[in-house]
1. Rounding to the nearest 20 debye, state how big the charge dipole of segment 214-267 is about its Cα centre with +1 on each Lys and Arg Cβ and -1 on each Asp and Glu Cβ.
2. Just want the answer: with Cβ charges of +1 for Lys and Arg and -1 for Asp and Glu, which residue in 118, 97, 186 is farthest toward the dipole's positive end in segment 52-303?
3. Need one number: % antiparallel among DSSP beta bridges in the chain, to the nearest 5.
4. Sorting check: for 247-257, 53-63, 157-167, which peptide has the highest mean count of neighbouring beta carbons within 10 Å, and how do the rest follow?
5. Given +1 on the Cβ of Lys and Arg, -1 on the Cβ of Asp and Glu, and no further charges, what dipole in debye does segment 52-303 carry about its Cα centre, rounded to the nearest 20?
6. Could you let me know the centre-to-centre spacing of segment 70-94 and segment 147-211, using Cα atoms, in angstrom?
7. For residue 28, go through the lysines and keep the ones whose alpha-carbon is under 26 Å away, minus same-chain ones fewer than eight residues off.
8. Choose one of 9, 162, 70: the residue whose Cα lies farthest towards the positive end of the charge dipole of the chain (beta-carbon charges +1 Lys, Arg; -1 Asp, Glu; about the Cα centre).
Amino acid sequence: MFEKLEEYPVDPIMIGADYFAQDPRRDKLNLTVGIYQDQDGQTPVLRAVKEAERRLVETQMTKSYLALTGDAEYCAVLGQEILGAAFGADWVAAQTSGGAVALRVMADLLAQMPEPPNVWLQTPTYGNYVPILSAAGARFAAVPYYDPIARQITFDQMLAGLNAARPGDVFLMQGVCHNPTGADMTPEQFAALLDLLEARGIIPWIDLAYLGFAQGFDADCAMARQVAARFAECIVCVTLSKSFGIYRDRAGALFVKTRQADRARMHRAVSAIVRARVPCPRSRPIRGAYHPAGSDVKGALAAGTGPDARPRGTGAYRYRRDRTE
Ligand SMILES: Cc1ncc(COP(=O)(O)O)c(C=O)c1O
C-alpha cells in the first residue's frame, strides 16, 4: 500500500539545517531555524524555566484532562501580559501547542466559515503561513512587504495591495521582529495601516513570535495592544518558543476578540476545531504550556517577579536580545 505514497516536499529550512550540520568550518553561522544559541552553540534552558519545571513537578496534583481550550489561567495570565488593559471578557482564548497550532486553529476556523474570507499575507513572510493556510483549505493572497534589494519596507505597495481586500477579509501580520526580514513598521506606518484596515473593514490578525527580542517585552507588545484596544474583532496568535527558549515544549495561545453576541459561538467553534483536527492541548506535551501558568511560576516567567527572575527587558531577556541583534 505505501508504495502509492506520494513524494512530499522537504522543508527548505531543514535542508539548510542539514547543510549546516555537514559544513566542517568552525566559524559558520546557522541562519536557518530561528533558535537562540550561546557562544558555544548551545540553547540553554533559562534558570527561571528550570525553576518553573521543578515547582510544577512538586505542586501538580492531577493529570486529569484540561478543557479543549486548555488551561484558562494560563490564557488569562498570558492575555493580560501581552495585551494589557485591552484584554478582558471580550476575548476567546485557547492554549495551543506552540504558535503553529494557534495559527492552524484560526486557519481552520476561517476556512470553515460560510463565506470564507481572504487572508492577506505580506511578501515575504514566515514560511509556514502558506503551508498552514493551504492545509486548512483557507483562501489567501499576498501584498508586497519588503524589497530585499533596496532593503526597505514597501509600505505604499502594501497599502495599495490591500485596496483589493473586501470588508471581512483578514490581514495576517507580525507584531515584532518580522520573520524573515527583521524589518518592523515604524509607529507612523503602523498607525496608517490600522487606519486603512479600520476604514476598509479588514480584520487584523497579529502573530507574535519574538516578544522580548526587539526593545523588551512590554515595548514589543505595543502593536498587538493597539490593535486589541482599537478593533472590535481581531486575532492574536502567540508562541512562547523564542521568548522563553522552550521551543520543544510547544507553548502558545490563540486569542480572538469578538462582539458579545458572537462570543459563545466562537468559543464553541474553537473547541470543536481543537477536538476534531488538532490534538491540543489534551495530548500536547504539558510542561511548556505550564511554565507561565503554574502559581508563582507565572511570576517567574510571565511577570518576571519569581525566584531567579529579573524584571522584563533585563537579565536573560536582554542578554539574549543583545546577542541576537
Ligand atoms: C513568525 C512566527 N510565527 C509562528 C512561529 C511558530 O512558532 P512555534 O515554533 O511555537 O510553533 C514561528 C516560529 O519560528 C515564527 O517565526
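Here, each number is a calculation from the coordinates, and none is a lab measurement. Values in this document were obtained by computation on a predicted structure and should not be read as measured data. Here the Cβ positions follow ideal geometry from the backbone for every residue, glycine too, while neighbour counts run over all protein chains shown.
1. Details: 9 positive and 5 negative charges, 37 e Å.
Charge dipole, segment 214-267, about its Cα centre: 180 debye, nearest 20.
2. About the Cα centre, the residue reaching furthest to the positive side is 97.
3. Numbers: 16 of 33 bridges.
Antiparallel: roughly 50 percent of the beta bridges in the chain.
4. Numbers: 247-257: 24.1, 53-63: 11.1, 157-167: 15.0.
My ranking of the peptides, most packed first, is 247-257, 157-167, 53-63.
5. 920
6. Using only Cα atoms to place each centre, the spacing works out to 24 Å.
7. 242
8. 70
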